[in-house]
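Before I ask anything, let me first share the structure, which is written out below as structure tokens.
Please treat every number below as a calculation from the coordinates, not as lab data. These numbers were taken from a predicted model, which means no experiment stands behind them. Heads up, the Cβs are rebuilt from the backbone with ideal geometry, glycines too, and the neighbour counts pull from every protein chain shown.
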Amino acid sequence: MSDHVSYLSDGSPIEVVLEGGPDDLPRAFRTGRSTLTSKKLKIQHRDGYEHFELVSDSADITTAIFRWTMRTKIAE
């Protein structure tokens, strides 16, 4: 599963690609605008978090690819 989303990095729009993760991750979590300030993304989903990490680490990227790495549960 992949989805393309526009995010902001240093004030300039870049394309963000989220790869992997659960099939039922809502599209709303994969769309929107944000400031890209980290090499990791953590998205709350169901009773836990889906973790994505930046795959390409280049200063002049126009597309940031984040790949799903794991799921953690919310502590009760």
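Estimate the FRET efficiency between residue 39 and residue 76 by the formula 1/(1 + (r/R0)^6), using the beta-carbon distance for r and 30 Å for R0, to the nearest 0.05.
The pair residue 39/residue 76 has a calculated efficiency of 0.55.
Let me ask you something else. Residue 19's amide H: which non-local residues (gap 5+, or another chain) put their own amide H closer than 5 Å, with H modeled 1.01 Å from N in plane and none for Pro or chain starts?
Excluding prolines and chain starts, which carry no amide H, the hits are 66, 67, 68.
I've got another one for you. Between residue 27 and residue 56, what FRET efficiency follows from the Cβ-Cβ distance if R0 is 22 Å, with the result rounded to 0.05?
Using R0 = 22 Å, I get an efficiency of 0.40.
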